[in-house]
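Down below is the structure, laid out as C-alpha coordinates.
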Amino acid sequence: MPTRSYTVIMNGVTGRMGYRQHLLRSILALRDEGGVALPNGDRITVEPVLVGRNSEKLARMAQDHGIERYTTDLDEALADPEATIYFDAQVTSERVKSILKAVQAGKHIYTEKPIAESVAEGEELARAAASAGVINGVVHDKLYLPGLLKLKRLIDSGFFGRILSVRGEFGYWVFEGDLIPAQRPSWNYRAEDGGGMVLDMFCHWNYVLENLFGSVQSVLAKAVTHIDQRWDEQGKPYQATADDAAYAIFELDGGIIAQVNSSWAVRVDRKELVEFQVDGTEGSAVAGLFGCRVQHRTQTPKPVWNPDEPTDQDFRSQWHQIPDNDEFGNGFRAQWEEFLINVDAGQPHRYDFAAGVRGLRLADAGYASSREGRRIELGS
(Lines give C-alpha, C1' and ligand atoms only; values in the text may rest on other atoms or scores of the structure.)
Protein backbone atom coordinates (compact mmCIF):
# COMPACT_ATOMS: atom_id res chain seq x y z
CA MET A 1 0.00 0.00 0.00
CA PRO A 2 1.13 3.63 -0.54
CA THR A 3 3.65 5.27 1.79
CA ARG A 4 3.77 9.06 2.15
CA SER A 5 6.78 10.75 3.72
CA TYR A 6 6.76 14.05 5.61
CA THR A 7 9.82 16.12 6.38
CA VAL A 8 9.51 17.90 9.74
CA ILE A 9 11.55 21.00 10.58
CA MET A 10 12.28 20.71 14.31
CA ASN A 11 13.40 23.96 15.91
CA GLY A 12 14.73 23.97 19.47
CA VAL A 13 15.10 20.23 20.05
CA THR A 14 18.51 20.56 21.71
CA GLY A 15 16.56 21.41 24.87
CA ARG A 16 15.50 18.76 27.38
CA MET A 17 11.84 18.31 26.45
CA GLY A 18 12.32 18.94 22.74
CA TYR A 19 15.04 16.31 22.55
CA ARG A 20 13.71 13.60 24.84
CA GLN A 21 10.01 13.68 24.14
CA HIS A 22 9.57 15.18 20.68
CA LEU A 23 12.68 14.11 18.80
CA LEU A 24 13.87 10.91 20.49
CA ARG A 25 10.62 9.32 21.71
CA SER A 26 8.30 10.63 19.01
CA ILE A 27 9.72 11.53 15.58
CA LEU A 28 12.81 9.28 15.64
CA ALA A 29 10.79 6.42 17.15
CA LEU A 30 8.25 6.78 14.34
CA ARG A 31 11.01 6.98 11.73
CA ASP A 32 12.79 3.91 13.03
CA GLU A 33 9.59 1.86 13.43
CA GLY A 34 8.27 2.56 9.96
CA GLY A 35 5.93 5.46 10.65
CA VAL A 36 2.19 5.58 11.30
CA ALA A 37 -0.03 2.85 9.86
CA LEU A 38 -3.41 4.11 8.66
CA PRO A 39 -6.63 2.05 8.83
CA ASN A 40 -6.67 1.60 5.04
CA GLY A 41 -3.16 0.12 5.06
CA ASP A 42 -1.36 3.26 3.91
CA ARG A 43 1.63 4.43 5.92
CA ILE A 44 2.98 7.84 6.93
CA THR A 45 6.74 8.13 7.47
CA VAL A 46 8.72 11.06 8.85
CA GLU A 47 12.20 12.51 8.55
CA PRO A 48 13.45 15.37 10.76
CA VAL A 49 15.49 18.44 9.85
CA LEU A 50 17.14 19.91 12.95
CA VAL A 51 17.28 23.67 13.51
CA GLY A 52 18.99 25.42 16.40
CA ARG A 53 21.52 28.02 17.44
CA ASN A 54 24.44 25.72 18.35
CA SER A 55 25.95 24.06 15.30
CA GLU A 56 28.15 21.73 17.36
CA LYS A 57 25.21 20.38 19.34
CA LEU A 58 23.20 19.89 16.19
CA ALA A 59 26.04 18.07 14.44
CA ARG A 60 26.58 15.75 17.39
CA MET A 61 22.86 15.02 17.65
CA ALA A 62 22.59 14.37 13.92
CA GLN A 63 25.56 12.00 14.00
CA ASP A 64 24.26 10.14 17.06
CA HIS A 65 20.84 9.52 15.51
CA GLY A 66 21.51 9.21 11.79
CA ILE A 67 19.86 12.49 10.86
CA GLU A 68 21.01 13.78 7.48
CA ARG A 69 20.12 17.45 7.70
CA TYR A 70 20.62 20.18 10.27
CA THR A 71 21.12 23.93 10.11
CA THR A 72 21.38 27.08 12.22
CA ASP A 73 19.50 29.01 9.52
CA LEU A 74 15.73 28.76 9.97
CA ASP A 75 15.08 30.63 6.71
CA GLU A 76 17.11 28.02 4.84
CA ALA A 77 15.07 25.20 6.34
CA LEU A 78 11.76 26.94 5.63
CA ALA A 79 12.75 27.50 2.00
CA ASP A 80 12.76 23.73 1.38
CA PRO A 81 9.48 22.85 -0.38
CA GLU A 82 9.80 19.21 0.70
CA ALA A 83 9.65 20.20 4.38
CA THR A 84 5.93 20.70 4.93
CA ILE A 85 5.71 20.67 8.76
CA TYR A 86 7.34 23.05 11.24
CA PHE A 87 7.69 22.20 14.93
CA ASP A 88 8.73 24.70 17.62
CA ALA A 89 10.22 23.81 21.00
CA GLN A 90 12.24 26.98 21.54
CA VAL A 91 12.11 29.25 24.56
CA THR A 92 8.76 31.01 24.63
CA SER A 93 10.23 34.43 23.83
CA GLU A 94 11.51 33.18 20.44
CA ARG A 95 8.39 31.30 19.38
CA VAL A 96 6.08 33.86 17.76
CA LYS A 97 8.47 35.27 15.17
CA SER A 98 9.58 31.79 14.11
CA ILE A 99 6.03 30.44 13.80
CA LEU A 100 4.98 33.49 11.76
CA LYS A 101 7.86 32.82 9.37
CA ALA A 102 6.76 29.21 9.06
CA VAL A 103 3.15 30.19 8.43
CA GLN A 104 4.27 32.63 5.72
CA ALA A 105 6.25 29.77 4.16
CA GLY A 106 3.06 27.70 4.02
CA LYS A 107 4.13 25.09 6.57
CA HIS A 108 1.75 23.21 8.82
CA ILE A 109 2.60 24.09 12.43
CA TYR A 110 2.89 22.03 15.57
CA THR A 111 4.24 23.78 18.66
CA GLU A 112 4.95 23.48 22.32
CA LYS A 113 3.04 25.70 24.69
CA PRO A 114 2.61 28.44 25.62
CA ILE A 115 2.28 29.43 21.98
CA ALA A 116 3.21 33.04 22.81
CA GLU A 117 3.90 35.37 25.71
CA SER A 118 0.61 37.27 25.45
CA VAL A 119 -2.98 36.80 24.35
CA ALA A 120 -2.52 39.38 21.59
CA GLU A 121 0.44 37.47 20.14
CA GLY A 122 -1.44 34.19 20.36
CA GLU A 123 -4.41 35.68 18.53
CA GLU A 124 -2.02 36.98 15.86
CA LEU A 125 -0.73 33.44 15.31
CA ALA A 126 -4.25 32.02 15.13
CA ARG A 127 -5.31 34.63 12.56
CA ALA A 128 -2.19 34.11 10.46
CA ALA A 129 -2.62 30.32 10.43
CA ALA A 130 -6.30 30.61 9.53
CA SER A 131 -5.56 33.06 6.73
CA ALA A 132 -2.81 30.82 5.32
CA GLY A 133 -5.00 27.72 5.58
CA VAL A 134 -2.31 25.71 7.35
CA ILE A 135 -3.10 22.98 9.86
CA ASN A 136 -1.95 24.00 13.33
CA GLY A 137 -1.64 22.20 16.64
CA VAL A 138 -0.48 22.84 20.19
CA VAL A 139 1.00 20.18 22.46
CA HIS A 140 -1.63 18.87 24.92
CA ASP A 141 0.53 16.08 26.31
CA LYS A 142 -1.13 15.66 29.70
CA LEU A 143 -4.39 14.53 28.11
CA TYR A 144 -2.52 11.50 26.76
CA LEU A 145 -1.09 10.40 30.12
CA PRO A 146 -2.21 6.95 31.30
CA GLY A 147 -3.52 8.35 34.58
CA LEU A 148 -5.66 11.00 32.92
CA LEU A 149 -6.85 8.59 30.22
CA LYS A 150 -8.12 6.32 33.02
CA LEU A 151 -9.72 9.33 34.69
CA LYS A 152 -11.43 10.28 31.40
CA ARG A 153 -12.90 6.77 31.15
CA LEU A 154 -14.33 7.14 34.65
CA ILE A 155 -15.90 10.47 33.74
CA ASP A 156 -17.38 9.13 30.51
CA SER A 157 -18.82 6.10 32.33
CA GLY A 158 -20.63 8.28 34.88
CA PHE A 159 -18.62 6.85 37.78
CA PHE A 160 -18.58 10.14 39.72
CA GLY A 161 -22.26 10.99 39.48
CA ARG A 162 -22.30 14.78 39.71
CA ILE A 163 -18.72 16.06 39.90
CA LEU A 164 -18.32 18.51 42.76
CA SER A 165 -14.66 19.48 42.89
CA VAL A 166 -11.14 18.91 41.59
CA ARG A 167 -7.96 19.34 43.61
CA GLY A 168 -4.65 19.36 41.79
CA GLU A 169 -1.15 19.24 43.26
CA PHE A 170 1.79 19.72 40.92
CA GLY A 171 5.46 20.38 41.45
CA TYR A 172 8.76 19.42 43.00
CA TRP A 173 11.88 21.05 44.38
CA VAL A 174 13.96 22.61 41.60
CA PHE A 175 17.43 23.09 43.02
CA GLU A 176 18.70 26.64 43.15
CA GLY A 177 21.91 25.69 41.34
CA ASP A 178 24.51 26.67 43.95
CA LEU A 179 25.14 23.34 45.72
CA ILE A 180 23.38 21.06 43.24
CA PRO A 181 22.78 21.97 39.56
CA ALA A 182 19.19 22.91 38.76
CA GLN A 183 17.16 20.34 36.82
CA ARG A 184 15.33 23.02 34.81
CA PRO A 185 16.81 25.67 32.48
CA SER A 186 17.53 29.05 34.06
CA TRP A 187 15.32 30.92 31.57
CA ASN A 188 12.30 29.37 33.30
CA TYR A 189 12.95 31.73 36.24
CA ARG A 190 13.42 34.94 34.24
CA ALA A 191 10.21 36.71 33.27
CA GLU A 192 12.04 38.65 30.56
CA ASP A 193 12.82 35.33 28.81
CA GLY A 194 9.24 34.04 28.97
CA GLY A 195 9.57 32.14 32.25
CA GLY A 196 7.01 31.85 35.01
CA MET A 197 4.84 29.20 36.63
CA VAL A 198 1.55 30.82 35.65
CA LEU A 199 2.50 31.29 31.99
CA ASP A 200 3.86 27.76 31.79
CA MET A 201 1.37 25.69 33.78
CA PHE A 202 -1.93 27.57 33.49
CA CYS A 203 -1.82 26.78 29.77
CA HIS A 204 -1.69 23.11 30.80
CA TRP A 205 -4.38 23.42 33.44
CA ASN A 206 -6.72 25.15 31.00
CA TYR A 207 -6.75 22.27 28.52
CA VAL A 208 -6.88 19.63 31.25
CA LEU A 209 -9.85 21.30 32.93
CA GLU A 210 -11.80 22.17 29.78
CA ASN A 211 -11.36 18.75 28.17
CA LEU A 212 -12.14 16.71 31.28
CA PHE A 213 -14.49 18.79 33.41
CA GLY A 214 -15.64 22.04 31.79
CA SER A 215 -14.46 25.44 30.59
CA VAL A 216 -12.94 27.79 33.15
CA GLN A 217 -15.30 30.66 33.96
CA SER A 218 -13.26 32.51 36.59
CA VAL A 219 -9.97 32.38 38.44
CA LEU A 220 -8.67 33.58 41.79
CA ALA A 221 -4.88 33.18 41.89
CA LYS A 222 -1.74 34.14 43.75
CA ALA A 223 1.58 33.99 41.91
CA VAL A 224 4.72 34.00 44.07
CA THR A 225 8.48 34.06 43.62
CA HIS A 226 9.52 32.03 46.64
CA ILE A 227 13.21 31.82 45.71
CA ASP A 228 14.50 35.08 44.27
CA GLN A 229 18.12 34.09 43.62
CA ARG A 230 19.25 31.11 41.57
CA TRP A 231 22.40 29.99 39.76
CA ASP A 232 22.51 29.45 35.99
CA GLU A 233 24.10 26.74 33.83
CA GLN A 234 27.53 28.38 34.20
CA GLY A 235 27.23 28.53 37.98
CA LYS A 236 26.67 32.29 38.03
CA PRO A 237 24.04 33.77 40.38
CA TYR A 238 21.10 35.61 38.84
CA GLN A 239 17.94 37.32 40.03
CA ALA A 240 14.86 35.14 39.60
CA THR A 241 12.26 37.54 38.21
CA ALA A 242 9.57 34.99 37.31
CA ASP A 243 7.03 33.37 39.62
CA ASP A 244 8.03 29.88 40.75
CA ALA A 245 4.69 28.98 42.38
CA ALA A 246 1.00 29.68 41.86
CA TYR A 247 -2.04 28.86 43.98
CA ALA A 248 -5.39 29.06 42.23
CA ILE A 249 -9.12 28.44 42.50
CA PHE A 250 -10.92 27.95 39.18
CA GLU A 251 -14.69 27.98 38.76
CA LEU A 252 -15.80 25.74 35.90
CA ASP A 253 -18.96 25.15 33.90
CA GLY A 254 -21.62 23.40 35.94
CA GLY A 255 -20.47 24.83 39.26
CA ILE A 256 -17.40 22.56 39.59
CA ILE A 257 -14.66 24.09 41.75
CA ALA A 258 -11.04 23.27 40.92
CA GLN A 259 -8.15 24.13 43.22
CA VAL A 260 -4.67 23.70 41.76
CA ASN A 261 -1.36 24.31 43.51
CA SER A 262 1.71 24.54 41.26
CA SER A 263 5.20 24.96 42.68
CA TRP A 264 8.88 24.47 41.88
CA ALA A 265 9.62 25.14 45.55
CA VAL A 266 7.83 22.18 47.16
CA ARG A 267 9.14 18.83 48.36
CA VAL A 268 7.06 15.93 47.13
CA ASP A 269 4.89 13.92 49.51
CA ARG A 270 2.72 12.33 46.82
CA LYS A 271 2.91 9.15 44.83
CA GLU A 272 3.45 11.12 41.61
CA LEU A 273 4.69 14.59 40.65
CA VAL A 274 1.18 15.64 39.67
CA GLU A 275 -2.07 14.33 41.12
CA PHE A 276 -5.70 15.33 40.65
CA GLN A 277 -8.36 14.33 43.14
CA VAL A 278 -11.89 14.37 41.73
CA ASP A 279 -14.84 14.15 44.14
CA GLY A 280 -18.39 13.42 43.02
CA THR A 281 -21.67 12.40 44.57
CA GLU A 282 -21.15 8.72 43.64
CA GLY A 283 -17.39 8.33 43.93
CA SER A 284 -13.92 9.84 43.97
CA ALA A 285 -10.64 9.27 42.16
CA VAL A 286 -7.02 10.34 42.44
CA ALA A 287 -5.17 10.35 39.11
CA GLY A 288 -1.48 10.93 38.48
CA LEU A 289 0.82 10.53 35.51
CA PHE A 290 0.32 6.77 35.39
CA GLY A 291 -1.94 5.56 38.17
CA CYS A 292 -5.56 6.19 39.05
CA ARG A 293 -7.16 4.94 42.25
CA VAL A 294 -10.84 5.14 43.13
CA GLN A 295 -13.25 5.00 46.03
CA HIS A 296 -16.93 4.41 45.32
CA ARG A 297 -19.79 5.71 47.44
CA THR A 298 -20.53 2.17 48.65
CA GLN A 299 -16.94 1.77 49.89
CA THR A 300 -16.48 5.18 51.50
CA PRO A 301 -15.43 4.97 55.18
CA LYS A 302 -17.10 6.94 57.94
CA PRO A 303 -14.35 8.70 59.88
CA VAL A 304 -15.14 10.64 63.05
CA TRP A 305 -13.10 13.66 64.07
CA ASN A 306 -11.43 13.10 67.41
CA PRO A 307 -8.31 15.15 68.13
CA ASP A 308 -7.73 13.29 71.41
CA GLU A 309 -7.05 9.88 69.87
CA PRO A 310 -5.07 8.82 66.81
CA THR A 311 -7.22 7.35 64.05
CA ASP A 312 -7.14 3.60 63.62
CA GLN A 313 -8.07 3.77 59.92
CA ASP A 314 -5.56 3.40 57.09
CA PHE A 315 -7.27 5.73 54.63
CA ARG A 316 -4.83 5.06 51.78
CA SER A 317 -5.64 1.34 51.84
CA GLN A 318 -9.35 2.10 51.30
CA TRP A 319 -8.77 3.15 47.68
CA HIS A 320 -8.55 0.73 44.75
CA GLN A 321 -6.15 1.03 41.81
CA ILE A 322 -7.56 1.03 38.28
CA PRO A 323 -5.78 -1.82 36.46
CA ASP A 324 -3.62 -1.27 33.37
CA ASN A 325 -6.14 -3.05 31.17
CA ASP A 326 -5.13 -1.14 28.06
CA GLU A 327 -1.84 -0.27 26.36
CA PHE A 328 -0.67 3.28 27.00
CA GLY A 329 2.15 4.53 24.80
CA ASN A 330 4.18 7.72 25.08
CA GLY A 331 1.72 10.63 25.19
CA PHE A 332 3.87 12.99 23.13
CA ARG A 333 4.20 10.38 20.39
CA ALA A 334 0.46 9.65 20.46
CA GLN A 335 -0.35 13.29 19.79
CA TRP A 336 2.33 13.52 17.09
CA GLU A 337 0.68 10.58 15.35
CA GLU A 338 -2.69 12.29 15.56
CA PHE A 339 -1.28 15.53 14.15
CA LEU A 340 0.46 13.73 11.27
CA ILE A 341 -2.76 11.90 10.41
CA ASN A 342 -4.60 15.24 10.38
CA VAL A 343 -2.00 16.79 8.07
CA ASP A 344 -2.12 13.79 5.75
CA ALA A 345 -5.93 13.95 5.59
CA GLY A 346 -6.07 17.76 5.37
CA GLN A 347 -8.14 17.90 8.54
CA PRO A 348 -7.95 20.45 11.40
CA HIS A 349 -6.20 19.30 14.56
CA ARG A 350 -8.55 19.31 17.55
CA TYR A 351 -5.99 21.07 19.79
CA ASP A 352 -5.25 24.07 17.60
CA PHE A 353 -3.93 27.60 18.08
CA ALA A 354 -7.35 28.69 19.35
CA ALA A 355 -6.93 26.21 22.22
CA GLY A 356 -3.48 27.68 22.84
CA VAL A 357 -4.99 31.17 23.01
CA ARG A 358 -7.50 30.00 25.63
CA GLY A 359 -4.57 28.81 27.73
CA LEU A 360 -2.93 32.22 27.39
CA ARG A 361 -6.18 33.92 28.43
CA LEU A 362 -6.22 31.86 31.61
CA ALA A 363 -2.58 32.71 32.33
CA ASP A 364 -3.31 36.40 31.71
CA ALA A 365 -6.31 36.26 34.05
CA GLY A 366 -4.19 34.45 36.65
CA TYR A 367 -1.58 37.19 36.64
CA ALA A 368 -4.27 39.88 36.76
CA SER A 369 -5.92 38.15 39.72
CA SER A 370 -2.62 37.93 41.56
CA ARG A 371 -1.76 41.59 40.92
CA GLU A 372 -5.17 42.95 41.79
CA GLY A 373 -6.07 40.54 44.59
CA ARG A 374 -9.47 39.69 43.15
CA ARG A 375 -11.43 37.06 41.24
CA ILE A 376 -11.26 37.48 37.45
CA GLU A 377 -14.14 36.44 35.19
CA LEU A 378 -13.25 34.84 31.87
CA GLY A 379 -16.73 34.51 30.42
CA SER A 380 -17.68 32.23 27.54
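The values are calculated or read from the model by the stated rules, or taken from the named source; none is laboratory data. The structure presented is a predicted model; accordingly, all values stated were derived computationally and were not measured. Note that we place each Cβ from the backbone using ideal geometry, even for glycine, and neighbour counts take in every protein chain shown. Side chains included, ligands, DNA and RNA excluded: accessible areas come from the protein's heavy atoms. Shrake-Rupley method; radii C 1.70, N 1.55, O 1.52, S 1.80 Å.
With the chain treated as a Gaussian network of Cα nodes joined by springs under 10 Å, which of 283, 255, 291 yields the largest mean-square fluctuation? Among 283, 255, 291, the largest GNM mean-square fluctuation belongs to 255.
For the chain, the longest principal axis of the alpha carbon atoms and the long axis of helix 55-65 meet at an angle near 80°.
Considering the options 179, 340, 46, tell which one lies farthest towards the positive end of the dipole of the chain, charges being +1 on Lys and Arg and -1 on Asp and Glu at the Cβ, about the Cα centre. Value computed over the given set: 340. Tabulate in residue order the Karplus-calculated ³J(HN,Hα) for the range 69-74, using 6.51 cos²θ - 1.76 cosθ + 1.60 with θ = phi - 60°, rounded to whole Hz; enter x for Gly and Pro. Couplings: 10, 8, 7, 9, 10, 4 Hz.
Of the listed peptides 214-223, 346-355, what is their order by residue-averaged count of other C-beta atoms within 10 Å, with the highest listed first?
So the order, starting with the most tightly packed, is 214-223, 346-355.
Extending 7 Å from Cα along the Cβ direction at residue 309 and again at residue 164 yields two label points whose distance is 2.6 nm. The aspartates and glutamates within cross-link reach of residue 152, meaning a Cα-to-Cα straight distance under 19 Å and a gap of 8 or more places when in the same chain, are 141, 169, 210, 253, 272, 275, 279, 282, 324, 326, 327, 338. Accessible area of residue 65 (1.4 Å probe, protein heavy atoms only, ligands and nucleic acids ignored): about 40 Å². Can you tell me what share of the DSSP beta bridges in the chain is antiparallel? A percent to the nearest 5 is fine. Roughly 55 percent of the DSSP beta bridges within the chain come out antiparallel.
Compared with the dominant principal axis of the Cα atoms in the chain, helix 95-104 is inclined by about 50°.
Between the range 7-83 and the range 300-347, the C-alpha centres lie 32 angstrom from each other.
The modelled label-to-label distance between residue 222 and residue 268, using points 7 Å beyond Cα along the C-beta direction, is 2.5 nm. Classify the range 32-149 as rounded, prolate or oblate, taking a ≥ b ≥ c as the square roots of the eigenvalues of its Cα gyration tensor: rounded when a/c is under 1.5, otherwise prolate if a/b is larger than b/c and oblate if not. It is rounded, given that a/c, with a ≥ b ≥ c, falls under 1.5. Relative to the dominant Cα principal axis of the chain, helix 146-157 is inclined by about 60°.
Judged by the gyration tensor of its Cα atoms, with axes a ≥ b ≥ c, the range 96-229 is oblate; a/c meets the 1.5 cut and b/c is at least as large as a/b.
What FRET efficiency, computed as 1/(1 + (r/R0)^6) with R0 = 41 Å and r the Cβ-Cβ distance, is obtained for residue 179 and residue 40, rounded to the nearest 0.05? E(calc), rounded to 0.05, equals 0.10. Does the range 327-374 come out rounded, prolate or oblate, given a ≥ b ≥ c as the square roots of the eigenvalues of its C-alpha gyration tensor, rounded meaning a/c under 1.5 and, failing that, prolate meaning a/b above b/c? Here the range 327-374 falls in the oblate category. The alpha-carbon of residue 150 sits under 22 angstrom from the alpha-carbons of these lysines, leaving out residues fewer than 8 places away in its chain: 142, 271.
When the P(r) of the range 211-279 is calculated, the portion above 17 Å amounts to 58% of the C-alpha pairs. Among 273, 23, 148, the largest mean-square fluctuation in a Gaussian network model of the chain, built with springs joining Cα atoms closer than 10 Å, belongs to 273. Using a Gaussian network model on the chain with a 10 Å cutoff between Cα atoms, which of 27, 341, 109 fluctuates the most? It is 341.
Computed over all pairs of different Cα atoms, the Kirkwood value for the hydrodynamic radius of the chain is 22.3 Å. Just so you know, the Rg over Rh for the range 291-380 is 1.18, from Cα atoms, with Rh as the Kirkwood radius.
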